1. Restricting attention to region 250-265, does a residue exist that is in a loop (DSSP other than H, G, I, E, B), on the phi > 0 side of the Ramachandran plot and crowded, with 18+ Cβ neighbours inside 10 Å?
2. In region 43-62, how many residues are surrounded by fewer than 19 Cβ atoms within 10 Å (Cβ to Cβ) and farther than 17 Å from residue 297 by Cβ?
3. Can you confirm whether region 105-114 contains a residue that is in contact with a helix residue (DSSP H, G or I) (Cβ under 8 Å, 6 or more places away or on another chain), outside the structural domain of residue 219 (by TED's automatic domain parsing), in a helix (DSSP H, G or I) and modelled with pLDDT under 95?
4. Failed condition for residue 237, given (1) surrounded by fewer than 18 Cβ atoms within 10 Å (Cβ to Cβ); (2) modelled with pLDDT of 90 or more; (3) part of a helix (DSSP H, G or I), with all others met?
5. Give 152, 192 a once-over and let me know the one that is in contact with a strand residue (DSSP E or B) (Cβ under 7 Å, 6 or more places away or on another chain), at pLDDT 90 or above and not in a helix (DSSP H, G or I).
6. Can you confirm whether residue 197 is buried (at least 22 other Cβ atoms within 10 Å of the Cβ) and assigned to a loop (DSSP other than H, G, I, E, B)?
7. Does region 229-250 include one or more residues that are in contact (Cβ under 8 Å) with a residue 24 or more places away in the chain and either under 29 Å from residue 112 (Cα atoms) or assigned by TED's automatic domain parsing to the domain that holds residue 62 (or both)?
8. Could you tell me whether residue 246 is surrounded by fewer than 21 Cβ atoms within 10 Å (Cβ to Cβ) and at pLDDT 95 or above?
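The values are calculated or read from the model by the stated rules, or taken from the named source; none is laboratory data. Please read these numbers as outputs of a predicted model, since none were measured by experiment. So basically every Cβ, Gly included, is an ideal-geometry build from the backbone, and we count neighbours across all protein chains shown.
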């Protein structure tokens with residue numbers, strides 16, 4: 001009789017709708033796929049794999065997290081896949097270049113997602129853009145680049161390394177000449193070291209520390225400007241681009257152009273994931289980024305951690321997407337005009 005009763009209980013549990021599962025029951029013995037929008041070895045890949053090693057323990061049910069590289073289209077392939085192809089039940093996350101999340105604002109080519117419907121899990125770091133010049137270039141201050149042509153490397157038309165110097169030219173009157181064709185920042189920095197380029201005008205401080213840590217203290221290399229809503233604590237004496245722009249209208253336009261920086265190293269899950277699972281992932285993410293073992297691992301890997309919560313990202317994205325259309329159009333016009341001016 002007891003065995004029959006146990007069989008009936010098991011059958012009843014098996015018939016229970018999936019919606020009645022607790023978060024722990026859903027994730028137990030499951031695997032979360034983490035799509036990485038870039039290839040192996042780069043900064044996004046390293047951040048994502050660090051997170052994957054530590055976050056599982058904080059998710060109810062402790063599922064495995066399996067990183068999977070899906071590069072292409074400036075990391076848009078990963079977003080499109082997570083949004084349109086992957087499961088919408090919480091078993092897939094994605095990380096990608098933050099600027100790509102704003103492509104719908106400018107009707108970007110290949111966009112197959114609605115950023116406003118993302119479930120943001122959080123970001124591992126805020127992005128602080130920098131311009132770095134060699135001593136040989138003669139550029140010690142960003143305004144020195146107003147007086148002479150300065151060659152900087154770029155990895156592609158939509159990349160930071162390409163877009164940022166054009167924007168500097170438009171707002172600051174600098175004379176950066178963008179040399180494209182480099183596969184990535186690794187090749188650009190090698191060209192800088194060989195003397196083929198004067199520098200790189202669209203990079204990030206955390207990437208410099210990760211990819212070229214010696215540059216931070218090298219007297220032959222100068223960080224001549226940063227771009228951020230607040231100066232980075234490690235380079236407080238480096239001027240911020242906002243220091244040179246007085247017009248409120250221009251500053252607002254810059255806020256749209258550089259609005260992606262708060263997202264830094266973002267993680268999201270697609271719409272349709274049950275809210276309780278989204279919340280569990282957000283909480284696990286936040287706990288991971290405060291965990292001493294995680295922080296020690298990040299320090300060993302030279303990965304800067306300056307976390308942003310999923311709710312903070314959501315508010316920021318909605319604020320930018322909700323700006324007056326005229327301001328968004330001005331930002332887009334500025335970008336288009338700048339990129340055609342060289």
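1. Scanning region 250-265 turns up at least one residue that is in a loop (DSSP other than H, G, I, E, B), on the phi > 0 side of the Ramachandran plot and crowded, with 18+ Cβ neighbours inside 10 Å.
2. Going through region 43-62 one residue at a time, the tally reaches 3.
3. yes
4. Status for residue 237: all satisfied but (3).
5. Every option except 152 fails the conditions.
6. Yes.
7. Among the residues of region 229-250, not one is in contact (Cβ under 8 Å) with a residue 24 or more places away in the chain and either under 29 Å from residue 112 (Cα atoms) or assigned by TED's automatic domain parsing to the domain that holds residue 62 (or both), which makes the answer no.
8. It is false that residue 246 is surrounded by fewer than 21 Cβ atoms within 10 Å (Cβ to Cβ) and at pLDDT 95 or above.
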